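Please read the structure below before turning to the comments.
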Amino acid sequence: MDYDELSAAFLAEPSAGRPAPRIPTGAARSLRDAAEPLATIGFWGKPAYAAMEALGLEFLTGYVWGRTAPMGEPTPPVVVAAFGVFEPGLIASLYDQARGIASREDVLAAREKGAVDSLHEVLGDVPTGEVETAVAQLRRATDVAVADVTGRPLVAGLASLEWPTDPWGQLWHALNILREYRGDTHQAANVAAGLSGVQMNLVTEYWIGWEPRAYAGTRAWAPEVMDAADADLRERGWLADGELTATGRAERDRIEQVTDEAMTRVLAPIGDDIASLTAQLDGWSNRIVAAGAAPSDPYKRVSG
């Protein structure tokens, strides 16, 4: 998949006429959604793609190895467990392929350079002082997040890395720590609710309001696997007539609440700056989306 194919598949404008997605509310969730394009520009930005391409990696191999590399070089089953919501065979195959092409050290360097170059390309006119202030606010939260990484392997990996020297790199690193903290926590809450990897996707899909299989299918789950997962959800009383039941919606709401409560503790040190910080990050992220350096689909942005 070259960059033009990537853009056509993931960065194009969504279809017109869809109803708005169900967007969760709350300070923790709002910060997460505001920061998403900034945190993920290392996957989507053209300079980020070029940095991985220079190593011989394309989008999917670069994505898997790039997210894994902070954790070291674990065995494929560990990567599958950490990623959770992706079809296991896909992740294991991409990971093995990527490790045969590029070293961990080179991937870590390319990952940071690509993200920093992408941010400078889109947001290079933002005064450095504004970026540094946002980083200082975010580091109050990341200090809490990395103080106890129990049960959070992706956060533990990021916590083991040196902080970038570039202010935009520092912002990106801070937001990735918080993004993976939420992701690790959210996955644990889903597992505690008895959901499998494919069911995590499907339940979120129903909860947000995606077209059937439009979200889960992008993570390479086979139709028969999704059918079996839906059948189990119906048997458990979570799903009926293609929609979450009152029980299913209440359980998914509870998963979100557990996730937000964990994030509220981490974000508490930001204090009264949380609203202005969220607005600032949202403004920068909107510029990234407008530049075509992150997905514009609002469904995708709120589905994590």
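General observations
- Any helices (runs of 4 or more DSSP H) falling wholly within segment 204-304 and containing at least 2 residues that are within 24 Å of Phe59 (Cα to Cα): 274-290, 298-301
- Residue check, Arg140 within 20 Å of the chain's Cα centre (by Cα) and at pLDDT 95 or above: no
- For beta carbons closer than 9 Å, sequence separation of 6+ or different chains, a first residue in segment 77-89 that is under 15 Å from Tyr215 (Cα atoms) and a second that is hydroxyl-bearing (Ser, Thr, Tyr) and not in a loop (DSSP other than H, G, I, E, B), the qualifying pairs are Val85/Thr204.
- Gly157 of a type outside the set (A, V, I, L, M, F, W, C), assigned to a helix (DSSP H, G or I) and under 18 Å from Met71 (Cβ atoms): yes
- Residue check for Ser7: closer than 19 Å to Gly217 by Cα, touching a residue at least 60 places away in the same chain (Cβ under 8 Å) and more than 15 Å from the chain's Cα centre (by Cα): yes
- Given (1) under 30 Å from Ser196 (Cβ atoms); (2) surrounded by fewer than 22 Cβ atoms within 10 Å (Cβ to Cβ); (3) of a type in the set (Ser, Thr, Tyr), number of the condition Thr68 does not satisfy: (2)
- Test result for Gly42, touching a Phe, Trp or Tyr at 6+ places or on another chain (Cβ under 7 Å) and at pLDDT 95 or above: yes
- Yes/no for Leu60 being in a helix (DSSP H, G or I) and of a type outside the set (Val, Ile, Thr): yes
- Of everything listed in (1) touching a helix residue (DSSP H, G or I) at 6+ places or on another chain (Cβ under 9 Å); (2) free of Cβ contacts under 8 Å to residues at least 60 places away in the same chain; (3) closer than 22 Å to Pro37 by Cβ, the single unmet condition for Pro127 is (1).
- Unique residue being within 26 Å of Leu60 (Cβ to Cβ), surrounded by fewer than 20 Cβ atoms within 10 Å (Cβ to Cβ), modelled with pLDDT of 95 or more and not hydrophobic (A, V, I, L, M, F, W, C) when the list is His173, His186, His120: His120
- Figure legend. Inter-residue proximity from segment 158-170: first residues over 24 Å from Ala82 (Cβ atoms), second residues among the polar types (S, T, N, Q), beta-carbon distance below 6 Å, spacing 6+ or different chains. Indicated pairs: Pro167/Thr128.
- Some residue of segment 246-258 being aliphatic (A, V, I, L, M), free of Cβ contacts under 8 Å to residues at least 60 places away in the same chain and either out of contact with any Phe, Trp or Tyr (no Cβ under 6 Å at 6 or more places or on another chain) or on the phi > 0 side of the Ramachandran plot (or both): yes
- Among the residues of segment 247-287, those identified as over 26 Å from Gly209 (Cβ atoms), exposed (fewer than 14 other Cβ atoms within 10 Å of the Cβ) and not small (Gly, Ala, Ser) are Arg265, Asp272.
- Within segment 47-61, the set of residues being of a type in the set (D, E, K, R) and either surrounded by fewer than 17 Cβ atoms within 10 Å (Cβ to Cβ) or closer than 13 Å to Asp106 by Cα (or both) comprises Glu53 only.
The values are calculated or read from the model by the stated rules, or taken from the named source; none is laboratory data. All figures in this text were calculated on a predicted structure; none of them were measured in a lab. Cβ: placed from backbone, ideal geometry, glycine included. Neighbour counts: every protein chain shown.
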